[in-house]
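These notes are about the structure you will find just below.
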Amino acid sequence: MKDKTERELSIQEVITKGINRIQSILLEFLVYTLHLIGNIPSHHVRRFFYRIFGVKIGKGSALHMGIRFYNPRNIVIGEDSIIGEGTVLDGREKIIIGSHVDIASEVMIYNAEHDVNAQHFAAVESITIEPVIIEDYVFIGARAIILPGVTIKRGAVVGAGGVVTKDVEENIIVGGVPARPIGERKSKDHHYKWL
């Protein structure tokens with residue numbers, strides 16, 4: 001048996017590839033099941049099932065309909081946070097969302113990528129990817145994209161449609177493609193609650 005590069009595979013490699021294929025199929029089934037759960041019109045029911053499937057969700061957080069998860073066990077959401085409808089949470093690597101965070105509709109948070117310079121466009125090894133960290137009191141506007149390894153620090157704001165490729169400092173407002181600082185929040189002592 002040969003791989004996609006036409007290299008002969010040993011028996012051990014064939015077995016490993018077979019196991020990986022089965023794991024991929026099971027993960028796809030899990031993703032599909034979570035997709036179906038995401039269409040149940042009840043925050044409480046969705047939260048209950050998301051927790052069963054491994055998403056760590058803090059007290060009082062609201063997850064709206066249509067959220068897409070990829071490997072829910074790597075996703076942590078703090079207390080009193082809101083995740084908008086149609087959001088993509090790519091948990092193939094760790095995503096940590098703090099407390100009192102508001103993530104608007106259709107935001108995409110990715111934490112896996114491919115090496116664009118590799119001959120076979122291989123996935124980047126997980127040991128080289130840092131977690132995406134969104135600290136407390138962050139607001140992320142609609143349809144923003146957060147790329148792998150980014151940290152958005154306490155109180156920062158990402159404008160709608162922004163593409164965040166680098167860390168965002170505390171209380172800084174960023175926007176654009178790629179996202180750049182466009183302002184700073186006047187209030188720096190955040191104590192509000194969403195729900």
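Being small (Gly, Ala, Ser), at pLDDT 95 or above and either at negative phi or open to solvent by 80 Å² or more (accessible area, probe 1.4 Å) (or both): is that true of GLY58 here?
Working: small (Gly, Ala, Ser): yes; at pLDDT 95 or above: yes; either at negative phi or open to solvent by 80 Å² or more (accessible area, probe 1.4 Å) (or both): yes.
So GLY58 passes the test.
Filter the stretch 70-94 down to residues that are touching a Leu at 6+ places or on another chain (Cβ under 6 Å) and open to solvent by less than 10 Å² (accessible area, probe 1.4 Å) and give me whichever is farthest from VAL55 (Cα to Cα). Before you say what the answer is, go through the steps one by one.
From the stretch 70-94, those touching a Leu at 6+ places or on another chain (Cβ under 6 Å) are 75, 80, 83; that's our starting set.
Keeping just the survivors that are open to solvent by less than 10 Å² (accessible area, probe 1.4 Å) gives 75, 83.
Details: ILE75: 5, ILE83: 13 Å.
Among residues in the stretch 70-94 that are touching a Leu at 6+ places or on another chain (Cβ under 6 Å) and open to solvent by less than 10 Å² (accessible area, probe 1.4 Å), the one farthest from VAL55 (Cα to Cα) is ILE83.
Pull out all pairs, ordered by first then second residue, where Cβ-Cβ is under 9 Å, the residues are six or more apart or on different chains, the first lies in the stretch 1-12 and is of a type outside the set (A, V, I, L, M, F, W, C), and the second is at pLDDT below 75 and in a loop (DSSP other than H, G, I, E, B).
LYS4/HIS120; THR5/GLN119; THR5/HIS120
Across the stretch 154-183, which residue is farthest from the chain's Cα centre (by Cα) among those that are over 21 Å from GLU106 (Cα atoms) and open to solvent by less than 60 Å² (accessible area, probe 1.4 Å)? First the steps, then the outcome.
In the first step, residues of the stretch 154-183 are kept if they are over 21 Å from GLU106 (Cα atoms); the result is 154, 169-172, 181-183.
Right, trim to open to solvent by less than 60 Å² (accessible area, probe 1.4 Å) and you get 171-172, 183.
Working: ASN171: 21, ILE172: 21, GLY183: 25 Å.
In this case the residue turns out to be GLY183.
Evaluate the stretch 5-17: report whether one residue or more is at pLDDT below 95 and under 19 Å from GLY86 (Cα atoms). Spell out the reasoning first.
Kept after step one, since they are at pLDDT below 95, are these residues of the stretch 5-17: 5-17.
Going one step further and asking which of them are under 19 Å from GLY86 (Cα atoms), we end up with none.
Among the residues of the stretch 5-17, not one is at pLDDT below 95 and under 19 Å from GLY86 (Cα atoms), which makes the answer no.
Out of everything in the stretch 126-153 that is among the small types (Gly, Ala, Ser) and open to solvent by 30 Å² or more (accessible area, probe 1.4 Å), what residue ends up being modelled with the highest pLDDT?
Initially, the stretch 126-153 is screened for residues among the small types (Gly, Ala, Ser), giving 126, 141-142, 144, 149.
Those left that are additionally open to solvent by 30 Å² or more (accessible area, probe 1.4 Å): 126, 142.
Numbers: SER126: 56, ALA142: 98.
For the stretch 126-153, the residue satisfying everything is ALA142.
Report, by residue number, each residue of the stretch 15-66 that is in a loop (DSSP other than H, G, I, E, B), among the β-branched types (Val, Ile, Thr) and over 17 Å from GLY78 (Cα atoms). Working first, answer last.
If we filter the stretch 15-66 for residues that are in a loop (DSSP other than H, G, I, E, B), which is where we start, we get 38-42, 53-55, 58-61, 64-66.
Narrowing further to those that are among the β-branched types (Val, Ile, Thr): 40, 55.
Answer for the stretch 15-66, where residues must be in a loop (DSSP other than H, G, I, E, B), among the β-branched types (Val, Ile, Thr) and over 17 Å from GLY78 (Cα atoms): just ILE40.
For ASN39, state whether it is more than 23 Å from LYS153 (Cβ to Cβ), open to solvent by 30 Å² or more (accessible area, probe 1.4 Å) and without any contact (Cβ under 8 Å) to a residue 12 or more places away in the chain.
Values: more than 23 Å from LYS153 (Cβ to Cβ): yes; open to solvent by 30 Å² or more (accessible area, probe 1.4 Å): yes; without any contact (Cβ under 8 Å) to a residue 12 or more places away in the chain: no.
Spelling it out, it is not the case that ASN39 is more than 23 Å from LYS153 (Cβ to Cβ), open to solvent by 30 Å² or more (accessible area, probe 1.4 Å) and without any contact (Cβ under 8 Å) to a residue 12 or more places away in the chain.
The values are calculated or read from the model by the stated rules, or taken from the named source; none is laboratory data. In this text, all values refer to a predicted model and were calculated from it rather than measured experimentally. Note that we place each Cβ from the backbone using ideal geometry, even for glycine, and neighbour counts take in every protein chain shown. Just so you know, the surface numbers come from the protein's heavy atoms only, side chains and all, with ligands and any DNA or RNA stripped out. Shrake-Rupley method; radii C 1.70, N 1.55, O 1.52, S 1.80 Å.
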